[in-house]
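**Q** First the structure, which I've put down as structure tokens, then a few questions once you've had a look.
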Amino acid sequence: MMISKRYRNALLLAKTYPSADCYNDHVPVLGKFKLKLKKNSKPFTNIEIGLAILKTNQTIREKYQISVQNKFEALGDAEEVEQQWENFKSARMETAIDVIPKVKRKAKQKWMTEEILNLMEERRCAKGNKEKYEQIHKKVQEKCNMSKENWINEKCKEIEQQRKHAPQTMHRNIEEITGKRTFLSTGCIKAMNGDIIIGKEKILERWAEYIRELFKDDRKDHNIMKNNFAGPPIMKEEVETAIKKMKHGKATGPDNILVELIEALEDFGIGKVTHLLNEIYDTGQIPTDLSKSIFIAGNNREV
């Protein structure tokens, strides 16, 4: 009996029936499987949606609010905090992608034109049609080569004119054409005793050592309380004040929280956040996204 490696562990029982009369010269085989299906949450990364329109366009704002509320009603009430968090996150982000217009695509290269960007968008929409996709792809390549060549020729003319009168501008244009950039990072850090560390593994060990020292808890053991006293619940006004103090236009972390999407939900969004925070506070269960922390090393190498 042949079975895919992916579902091999799900096979509980396999049995042949050689005496079965099924009007065929093959021997029927029956297998018993037990599969546990899991809903994979798609990460929402690099979402370019026009969040500013939620403040200026009341129609889109109301449509977004109604769609999110309908999604919450369809998902129902979850018991586990982790599932409540996933419902809260997916309802906002999925609705935002469907309702809020996307930001217009920007050119990654200076020689790219509006015509090329439109052709790229047309090529993206034609992914289902192989023949049409290849035709547009060929056209995009031709336009890119032509536009890049014209841009380089124009830059070369500018360099020739700036060779005597503006040498600094000339060197900047040369760097722009060649793609050379200046990096401030030296690729090495200092150890605790002041020695220079160059190897990648040793650098990672030094960063781990630095973080352990940074978050080391030297406090004395406190007296363990015999009775657990529940504190006051988190108030809706506290959550509203905290959301108002948050900065806009910030990139999201692993939790994909955008303050603009919560603010646009007004009283409904603040109520949902308050309920979720109280659930976390009462149960002590922290969602996986909120228990993660990404540490990005800066340019300061003396750690």
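**Q** When you check Glu115 against the structure, is it open to solvent by 90 Å² or more (accessible area, probe 1.4 Å), acidic (Asp, Glu), in contact with a helix residue (DSSP H, G or I) (Cβ under 9 Å, 6 or more places away or on another chain) and free of Cβ contacts under 8 Å to residues at least 60 places away in the same chain, yes or no?
**A** Against the criterion (open to solvent by 90 Å² or more (accessible area, probe 1.4 Å), acidic (Asp, Glu), in contact with a helix residue (DSSP H, G or I) (Cβ under 9 Å, 6 or more places away or on another chain) and free of Cβ contacts under 8 Å to residues at least 60 places away in the same chain), Glu115 qualifies.
**Q** Are any residues in region 233-254 closer than 22 Å to Ala52 by Cβ and in a loop (DSSP other than H, G, I, E, B), and if so, which ones?
**A** Answer for region 233-254, where residues must be closer than 22 Å to Ala52 by Cβ and in a loop (DSSP other than H, G, I, E, B): Met246, Lys247, His248, Gly249, Lys250, Ala251, Thr252, Gly253.
**Q** Please enumerate the residues belonging to region 282-302 that are at pLDDT 85 or above and surrounded by 15 or more Cβ atoms within 10 Å (Cβ to Cβ).
**A** Pro287
**Q** On to the next question. When you scan region 125-133, do you find a residue that is assigned to a helix (DSSP H, G or I), at pLDDT 85 or above and under 30 Å from Arg61 (Cα atoms), even just one?
**A** Within region 125-133, one or more residues are assigned to a helix (DSSP H, G or I), at pLDDT 85 or above and under 30 Å from Arg61 (Cα atoms).
**Q** Let me ask something else. Do you know which residues across region 245-275 are among the basic types (Lys, Arg) and touching a helix residue (DSSP H, G or I) at 6+ places or on another chain (Cβ under 8 Å)?
**A** From region 245-275, those among the basic types (Lys, Arg) are 245, 247, 250, 272; that's our starting set.
Across region 245-275, the qualifying residues are Lys247, Lys250, Lys272.
**Q** Hey, could you check region 56-96 for residues that are among the β-branched types (Val, Ile, Thr) and open to solvent by less than 60 Å² (accessible area, probe 1.4 Å) and say which is farthest from Ile280 (Cα to Cα)?
**A** Taking region 56-96 as the starting set, the residues that turn out to be among the β-branched types (Val, Ile, Thr) are 56, 59-60, 66, 68, 81, 95.
So of that shortlist, the ones also open to solvent by less than 60 Å² (accessible area, probe 1.4 Å) come out as 60, 68, 81, 95.
On the way: Ile60: 32, Val68: 22, Val81: 7, Thr95: 25 Å.
It comes out as Ile60.
**Q** Tell me, yes or no, whether region 139-154 has at least one residue that is part of a helix (DSSP H, G or I), closer than 29 Å to Ile49 by Cβ, touching a helix residue (DSSP H, G or I) at 6+ places or on another chain (Cβ under 7 Å) and aliphatic (A, V, I, L, M).
**A** Yes, region 139-154 contains a residue that is part of a helix (DSSP H, G or I), closer than 29 Å to Ile49 by Cβ, touching a helix residue (DSSP H, G or I) at 6+ places or on another chain (Cβ under 7 Å) and aliphatic (A, V, I, L, M).
The values are calculated or read from the model by the stated rules, or taken from the named source; none is laboratory data. Just so it is clear, the model here is predicted, and its values are computed rather than measured. Note that we place each Cβ from the backbone using ideal geometry, even for glycine, and neighbour counts take in every protein chain shown. Surface areas here come from the heavy atoms of the whole protein model, side chains and all, with no ligands, DNA or RNA. Shrake-Rupley method; radii C 1.70, N 1.55, O 1.52, S 1.80 Å.
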